[in-house]
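The values are calculated or read from the model by the stated rules, or taken from the named source; none is laboratory data. Keep in mind that what you see is a predicted model, and the values were worked out from it rather than measured. Heads up, the Cβs are rebuilt from the backbone with ideal geometry, glycines too, and the neighbour counts pull from every protein chain shown. In case anyone asks, the SASA skips ligands and DNA or RNA and just uses the protein heavy atoms, side chains included. Shrake-Rupley method; radii C 1.70, N 1.55, O 1.52, S 1.80 Å.
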Amino acid sequence: MDSPRESKKAHLNREPKRTHNQPGIAPQKDAYARLLSQHSSSKFSLYLEQYAKDMSFQRDGPGPSTLLKAQSDKLNIPQRKRDQVPNDFSDSSDFSPSSMKIKGEESSLSLYMEKLNTCGAQQDGEQKQGVSDKQRRGPRRDTATSHDGDIDSGEELSSLKPNNPKKHQKPQKKSKDPKEADSFVGRPQSPKNASASGQEQEKMTKSKKKNLPKHPEDENSREGTVRSGVDTQMSRPRSPHGKDKRLQQPRASGANSPADRNKNKGGRGSKKQVFESYMTLEEVSHGLKRGELIQGQLRINPKKYHEAFIPSPDDTRDIFLDGIVSRNRALNGDVVVAQILPRDQWKVVRSDTDCEGSSESETQRENTAQKKTARTPRPDVMVEDQCSDQDELVRRVQNTTLTETGVPLEDPSTSRSNGEILQKTAKVVYIVEKKHSRAVTGFLKFLPDKPFAMFSPVDHRVPRINVLLTNCPEDFTSRPGDYTNTLFICRITNWTADSNFAEGQLHKTLGQAGEIEPETEGILIEYDVDFSEFSDEVLDCLPKNLPWTIPPEEMSKRRDLRRECIFTIDPATARDLDDALSCKQLPDGNFEMGVHIADVSYFVGEDNALDAVASQRATSVYMVQKVIPMLPRLLCEELCSLNPLTDRLTFSVIWKITPEGKILSEWFGRTVIRSCVKLSYDHAQSMIDAPEKMFSAEELPPVDPEHPIDEIHQAVLNLHSIAKNLRAQRFSGGALRLDQLKLSFTLDKETMMPQGCYIYQYRDSNKLVEEFMLLANIATANHIYRRFPELALLRCHPPPKTKMVDELQELCDQLGINIDLSSAGALHKSLNTTLGDDEYTTARKEVLTHMCSRPMQMALYFSSGVRQDKQLFKHYALNVPLYTHFTSPIRRYADIIVHRLLAASLKCGPSLGLSTQEVQKQASHCNDKKTLSKRVQELSSELFFGVFVKDCGPLDSEAMVMGVLDQSFDVLVLRYGVQKRIYCKSVTGLDSFHHRKVGKKSELTLVWTAEDIEKPPVEQVISIFTLVEVQLKADGAPMKYSAVLKRPEENE
């Protein structure tokens, strides 16, 4: 009887020949017979023997001989087969530790050849053991197509774990014989995780081959799940240059070494590790101190989930983590410690290709072959739906300065003579902080004969999760079809080192996918937004006697400004009004100008339950249809909100200022105000647009009779005039503003469904408010830093990454764009000058703005006491040495801390009860929550636009090309401000396309099939700033839409 290992190998060898044109069982057998014949041939045996000789001499010699390649070419072995065969030799799991010590590579090879010679009998052996093709593949076909296009499932990879085919239906039963550990195919990520990487690659490869989707479009969603992640890995052992020594490294120090095998024995020792064990805290600490390890936040590419990055400590090119195994169970956003891999495992960055991870020793021919076999997007999806964060969207803008895989910050020491660049690679050895919520939305998939179901997350950066059937809905096993379109929330509870998949529990059934409320709730949970009701303990911290009035003793401590003409300017729908303005002309011609901010710190005392929940939430979260408040609504919308005709407590900054905007004096203090009117931006804009008009009461909201409408109108005009001068001074002084299009919606008041959408207009009334908020924030930053140099909570904006700026400058030079990236001010001036003077000038500016946004870094809160270098305090975009947030305490916790510091500095409040490190910890938390809030806001907008396209589409629009890759290009849809990717292979009516690149400038030529056979084909050249016509259409998947490129004739 065939050994389990032989059965396993036969099973492995059979699958790779399956294709789209071989869906049935009979063609499978034909393909297997052909493969068997090939493997049994004398030529193939000769090829393997020669490889063994090369392997045995490789430690001392230059590497594999050229005979290998000649023989493989002569045999016509497909590229993937050539790559695959040598990788099988690293499968030391089939050999005992002792045999490994004695026999080494050559014995591995001979055993492998013995398996090939017996594989004819293995098929019968497998069939006799009761596992037919249909039994093995039927259920897999069920899971091959799904909402998110998964092509491999928990069932496939679980069923591979036991080598004995009889055990295929019991994936969780652990083998007690170490020899029954998984065999694997693929190049290990590193010497230490040889078995892990190889195992993952084999399983992914087998899974892909077995589960070619019923519909080709289902392959697109995971963006090269297997092809891009495995092909490049599998080709690594073949090194024509003899430089690739990684075949020996796993033998010496890999996870399959005898020492490591013994170390892994015990509770789970019989199951081979997929991931490396984490280092100890002591090892990590020493490694970081010695500079042997690096720490950073993990960023996973949402379009190619096998690619991840962490920032380089020296601020050069980001460090690349290739594959799931190298991430070692860390998720997007986690703070990790990583170890740099040897140089021969670094990644080659080729800016003229849609770069997949590749090793230094790979040839251009191999990369070309991989691209030819890469997955093509689904034919009915012309553009990949943008489900990534804004940074990722912008990252795609310029193919030319970027590869698609990450941040191309070039280290000069890694440049190569042919223009290619080496990017350092690493592996995670420790997770410092699990910042990812471990909660994900997704779909539940039934796996026949399994004790668990497979949970497939919508976010492909998160692994598939095994959920016990006992945790699934009661009728799930009997009626799994009823849950096909049901959206669930699942929380990861465990992810062991010996499992490809995480374990989890269903947290909640959200509802039907595609409906706004279930989708919204899923977004909130996934991004760890606390939208629960405030507890009684928190509500007990609020004033009890309602309606609340200001106590007389508090009134006596404050400057009374209730008689002044003070008003708010906010969006029409705003209910949390935390800032108000005043402007009074003085007899000397100057102005007394005030910014009045809700005094939230009066109501939110330190160290109570209300403060605790506010500090944890850190920010209000604004979605299209609702707000998740940081504070209870009694405070947000009533007691703190500067509602009109109501006495309210405020913190004020009042300046004496000249009409030109020169500040003569400044005053800070706690005050009481009474807003005389709640103006919207539209109201203020109408006043600015009609300076001579006499507005009637009917044209405005209710106004305090003590202040005539004309007085309010004049105050708005004075504020506008001063704001224009302040703004001019800021930009002439070197400030920068990168405006990007923002989509807004009109909603049905009852259903809250989108009725329409439009690009939000940023007008003079918005600029007026912004200017004085900036002024107040800058003034407050300087004030609290002078008083508390070790404790001030400030906000910095680091300068853009130099290497990316240099690459962008080179691109712009080649495009003929006269842009100066030397400073924030120079960039701002460039963006507002040389982009032509026609109807598309604004569109060109938008595209260039997106390109310029990519090198920019995020602004961050920090405690002044943790930074010694004052240069690190600066705000790049505003071009000021000190900045903070003071003006929005209702919706930002950072502002509450700043208010407390300000009160302490003015002796009108207690000292801040936090240390420098505690302020820094809270600042970091606020940074995280602000980032998540921004992402939730973007996802909410995408959700509503997807519904709008479905209900009101298809939608036609002009679009401008933002970036060009070798087989696709990105466009900015001008009418709606959304970005989409168009894949050339998916464009209907396209005969062919050609890519060329000169320097950094990338260009595609699309050849359209002639509609009239008597006419020649139509050529369309695609480069940055090219105008095209697109049509947005709803996809079959919920909330998804695509952009279809129209024929150029239709553009005329």
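Screening Asp536 on (1) over 30 Å from Pro754 (Cβ atoms); (2) touching a residue at least 40 places away in the same chain (Cβ under 8 Å); (3) open to solvent by 70 Å² or more (accessible area, probe 1.4 Å); (4) not hydrophobic (A, V, I, L, M, F, W, C) shows it passes everything except condition (2). For the residues Leu872, Leu882, Leu848, the requirement of being crowded, with 22+ Cβ neighbours inside 10 Å and either in contact with a Pro (Cβ under 7 Å, 6 or more places away or on another chain) or assigned to a helix (DSSP H, G or I) (or both) singles out Leu848.
Within the group Arg795, Arg787, Arg763, which residue is modelled with pLDDT of 90 or more, of a type in the set (Lys, Arg) and out of contact with any helix residue (DSSP H, G or I) (no Cβ under 7 Å at 6 or more places or on another chain)?
Working: Arg787 fails: out of contact with any helix residue (DSSP H, G or I) (no Cβ under 7 Å at 6 or more places or on another chain); Arg763 fails: out of contact with any helix residue (DSSP H, G or I) (no Cβ under 7 Å at 6 or more places or on another chain).
After applying the criteria, what remains is Arg795.
Filtered by the rule that a residue be surrounded by fewer than 20 Cβ atoms within 10 Å (Cβ to Cβ) and touching a residue at least 60 places away in the same chain (Cβ under 8 Å), the range 989-1009 gives Lys997, Val998, Gly999, Lys1001. Of all residues in the range 451-479, those that are over 22 Å from Arg438 (Cα atoms), touching a Phe, Trp or Tyr at 6+ places or on another chain (Cβ under 8 Å) and open to solvent by 40 Å² or more (accessible area, probe 1.4 Å) total 1. In the range 797-809, the residues that are free of Cβ contacts under 8 Å to residues at least 60 places away in the same chain form Cβ pairs under 7 Å with partners that are open to solvent by less than 20 Å² (accessible area, probe 1.4 Å) and outside any helix (DSSP H, G or I), at six or more places apart or across chains, as follows: Val805/Pro855. The strands (runs of 3 or more DSSP E) found entirely in the range 270-339 that carry 1 or more residues being over 22 Å from the mean Cα position of the chain (by Cα) and within 25 Å of Thr802 (Cα to Cα) are 293-297.
Look at the range 654-673: where a residue is without any contact (Cβ under 8 Å) to a residue 40 or more places away in the chain and closer than 30 Å to Asn643 by Cβ and a partner is buried (at least 21 other Cβ atoms within 10 Å of the Cβ) and of a type in the set (Ser, Thr, Tyr), sitting 6+ places away or on another chain with Cβ atoms under 9 Å, you get Trp667/Ser652.
The number of residues in the range 572-600 being in contact with an Asp or Glu (Cβ under 9 Å, 6 or more places away or on another chain) and not acidic (Asp, Glu) comes to 14. Checked against (1) touching a Cys at 6+ places or on another chain (Cβ under 9 Å); (2) over 26 Å from Pro799 (Cβ atoms); (3) open to solvent by 10 Å² or more (accessible area, probe 1.4 Å), Pro889 passes all but condition (3). Scanning the range 750-777 for residues that are farther than 25 Å from Leu679 by Cα and hydrophobic (A, V, I, L, M, F, W, C) yields one hit, Met753. A Cβ distance below 7 Å, combined with a sequence gap of six or more or placement on separate chains, defines the contacts here; from the range 272-297, residues that are aromatic (Phe, Trp, Tyr) reach residues that are part of a loop (DSSP other than H, G, I, E, B) and surrounded by 15 or more Cβ atoms within 10 Å (Cβ to Cβ) in the pairs Phe275/Asn328; Phe275/Arg329; Phe275/Ala497. The number of residues in the range 576-622 that are touching a residue at least 24 places away in the same chain (Cβ under 8 Å) and under 30 Å from Ser721 (Cβ atoms) comes to 22.
Considering the range 1024-1041, and only residues there that are open to solvent by less than 20 Å² (accessible area, probe 1.4 Å) and in contact with a Lys or Arg (Cβ under 7 Å, 6 or more places away or on another chain), the residue that is farthest from Phe993 (Cα to Cα) turns out to be Tyr1041.
Matching residues to (1) under 30 Å from Gln616 (Cβ atoms); (2) of a type outside the set (A, V, I, L, M); (3) without any contact (Cβ under 8 Å) to a residue 60 or more places away in the chain:
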| site | (1), (2), (3) |
| --- | --- |
| Val919 | yes, no, no |
| Gln922 | yes, yes, no |
| Thr931 | yes, yes, no |
| Arg935 | yes, yes, no |
| Glu938 | yes, yes, no |
| Val949 | no, no, no |
| Asp956 | no, yes, no |
| Val961 | no, no, no |
| Val964 | no, no, no |
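Take the conditions (1) open to solvent by 50 Å² or more (accessible area, probe 1.4 Å); (2) in a strand (DSSP E or B); (3) within 18 Å of Asp570 (Cα to Cα); Leu679 misses just one of them, which is (1).
Taking strands (runs of 3 or more DSSP E) that do not extend beyond the range 940-1052, which have at least 3 residues that are more than 30 Å from Glu521 (Cβ to Cβ)?
Values: elements: 955-964, 968-973, 978-983, 990-998, 1001-1008, 1018-1022, 1027-1034, 1041-1045.
Per the criteria, 955-964, 968-973, 990-998, 1001-1008, 1018-1022, 1027-1034.
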